[in-house]
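The values are calculated or read from the model by the stated rules, or taken from the named source; none is laboratory data. Just so we're clear, the structure is a prediction, and the values are computed from it rather than from any experiment. FYI the Cβ positions are ideal-geometry reconstructions off the backbone, even for glycines, and counts take in every protein chain you see. Only protein heavy atoms, including side chains, enter the accessible area calculation; ligands, DNA and RNA are left aside. Shrake-Rupley method; radii C 1.70, N 1.55, O 1.52, S 1.80 Å.
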Amino acid sequence: MEDIITSFYQAFQQKDAAKMNACYHDDIEFEDPAFGKLKGEDAKCMWEMLCKNAVNFKLEFSDIKSIDNSGSAHWEAWYDFSRTGKRVHNIIDASFELKDGKIIKHHDHFNLHRWATQAMGWKGWLLGGTSFFKKKLHEQSGKALERYKLKKV
């Protein structure tokens, strides 16, 4: 378990979505505060999109733990948010479940209000903690992912 999580984040440090996605089970279920719930190819395409569009990107990971088929990790990412150009330092705790030697469930937990304040300035500070903001962000993230998938075809 710890090896597959380490491989995932080492690939992420290199912005290598293909290697990241090789760590995922075909039936992957991913969830985070920005994208909401994604399954299968949508989750894999999200990583492709994020790796391709990452600007001034840096990632550090630590505290990888596992028990049986579940695990966790802490990771931090620094990047310029594409919509505003603002610098973001996101602090994330991830949980994982494994099936057939691959990640079947991946849930990233982070403070959405903190992220929104960094990514969007005063508007993020004002609205980032609301359910309205979260719903809008999921819609915008989903649309960005759909546009990316259409370009891939």
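Annotations
- For segment 104-113, the candidate set comprises residues that are more than 9 Å from Phe30 (Cβ to Cβ) and in a strand (DSSP E or B); within that set, the residue that is least open to solvent (accessible area, probe 1.4 Å) is Ile104.
- Scanning segment 121-131 for residues that are open to solvent by 50 Å² or more (accessible area, probe 1.4 Å) and assigned to a helix (DSSP H, G or I), we see that the one that is farthest from Gly85 (Cα to Cα) is Ser131.
- Pick from segment 49-68, criterion open to solvent by 30 Å² or more (accessible area, probe 1.4 Å) and within 12 Å of Phe12 (Cβ to Cβ), ranking: nearest to the chain's Cα centre (by Cα): Leu50
- Taken together, the residues in segment 83-103 that are part of a loop (DSSP other than H, G, I, E, B) and open to solvent by 60 Å² or more (accessible area, probe 1.4 Å) amount to 4.
- Sole exception among (1) polar (S, T, N, Q); (2) part of a helix (DSSP H, G or I); (3) loosely packed, with under 15 Cβ neighbours inside 10 Å for Gln118, by number: (3)
- Restricted to segment 8-39, and to residues there that are over 16 Å from Lys99 (Cβ atoms), without any contact (Cβ under 8 Å) to a residue 40 or more places away in the chain and of a type in the set (S, T, N, Q), the residue that is surrounded by the most Cβ atoms within 10 Å (Cβ to Cβ) is Gln10.
- Taken over segment 1-17, the criterion of being in a loop (DSSP other than H, G, I, E, B), modelled with pLDDT of 95 or more and either more than 15 Å from the chain's Cα centre (by Cα) or not acidic (Asp, Glu) (or both) is satisfied by Gln14, Lys15.
- Some residue of segment 71-82 being open to solvent by 40 Å² or more (accessible area, probe 1.4 Å), within 25 Å of Lys39 (Cα to Cα) and at pLDDT below 95: yes
- Total residues in segment 44-74, condition under 23 Å from Asp100 (Cα atoms), out of contact with any strand residue (DSSP E or B) (no Cβ under 6 Å at 6 or more places or on another chain) and polar (S, T, N, Q): 1
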